[in-house]
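Q: Take this structure first; my questions come after.
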């Protein structure tokens with residue numbers, strides 16, 4: 001789930017005219033013209049409110065992946081699908097003295113990396129444990145008009161995917177939520193089959209994710225190479241999870257090219273639930 005804005009200026013306009021005689025004037029001449037100065041001002045552009053940690057938002061799946069713009073917070077006592085766990089300031093000034101747009105690649109990478117790094121701590125999981133959950137970080141930067149007015153924040157929200165293009169309704173507080181069954185990653189069928197759908201483990205499911213395997217390299221290796229690398233670790237994870245260490249089965253899911261390009265450099269081991 002990804003993301004994507006220069007500084008406004010105060011406009012002051014001064015206008016007026018004046019006339020002042022330099023010679024005495026006779027009684028027959030008109031009286032001196034008066035002097036007048038008119039000042040017009042315009043209000044500075046409004047950068048809008050800065051997000052706050054703990055705010056809740058009712059986002060659709062489409063809004064969560066849009067990551068550009070502003071959504072009004074809702075009270076956390078009501079239905080919501082996202083909660084802000086960190087607010088940061090974008091580093092928009094370059095070493096050369098230029099000002100980046102908030103939709104620049106550098107600004108968006110700052111938001112992405114910061115939000116991703118802080119999610120595991122917020123949910124009370126390790127980064128490796130977080131791989132086996134449906135929790136995701138999404139980030140927002142200011143809409144264009146507010147960015148032009150000087151808004152330079154980025155906002156990190158936690159969402160939990162409940163199923164295809166659906167977000168889970170969250171509790172009032174999400175800190176430490178990472179071990180909840182609704183957040184754990186399960187599936188309706190083995191990976192690679194037509195019926196495979198990723199769901200939270202609180203929903204009806206037939207398989208569960210139990211481990212992940214790192215895949216090294218800058219490019220995604222061939223599928224057979226990935227399968228060979230995952231085979232041993234997934235078998236060990238399945239054996240450890242099984243009631244009978246001599247009777248167990250597992251399936252493994254390697255990353256797609258799209259997932260690899262998005263930063264997922266690991267595969268997932270699955271066992272029957």
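We did not get these values from a lab; they are worked out from the coordinates using the rules stated. This one's a predicted model, so the numbers in the text were calculated from it and none came from an experiment. For neighbour counting, all protein chains shown are included, and Cβ atoms are generated from backbone atoms with ideal geometry for every residue, glycine included.
Q: Taking a ≥ b ≥ c as the square roots of the eigenvalues of the Cα gyration tensor of region 93-135, is the shape rounded (a/c under 1.5), prolate (a/b larger than b/c) or oblate?
A: In terms of gyration-tensor shape, prolate.
Q: Hey, with R₀ at 35 Å, roughly what FRET efficiency would residue 94 and residue 228 work out to, going by the Cβ-Cβ distance, to 0.05?
A: Plugging the Cβ-Cβ distance into 1/(1 + (r/R0)^6) gives 0.20.
Q: Given 0.36 nm per residue, what is the gain on full extension from residue 169 to residue 193 after removing their alpha carbon distance, in nm?
A: 5.8 nm
Q: Kindly provide log₁₀ I(q)/I(0) values, in the same order as q = 0.14, 0.19 Å⁻¹, from the Debye equation applied to equal alpha-carbon scatterers of region 184-273.
A: With no solvent term, the Cα-only Debye profile gives -0.49, -0.88.
Q: What number does region 147-206 give for Rg over Rh if you use C-alpha atoms and the Kirkwood radius?
A: Reported Rg/Rh, Kirkwood definition of Rh: 1.17.
Q: Further question: Please work out the C-alpha center-to-center distance from region 105-146 to region 172-224 and express it in whole Å.
A: 18 Å
Q: Report the label-to-label distance for residue 218 and residue 105 in nanometres (one decimal), using points 7 Å from each Cα along the Cα→Cβ vector.
A: Here the modelled spin labels are 1.4 nm apart.
Q: Extending each Cα 7 Å along its Cβ direction at residue 273 and residue 46, get the distance between those two points in nm, one decimal.
A: 4.7 nm
Q: Put one equal scatterer on each alpha carbon of region 45-183, apply the Debye formula with no solvent term, and list log10 I(q)/I(0) at q = 0.13 1/Å to two decimals.
A: -0.55
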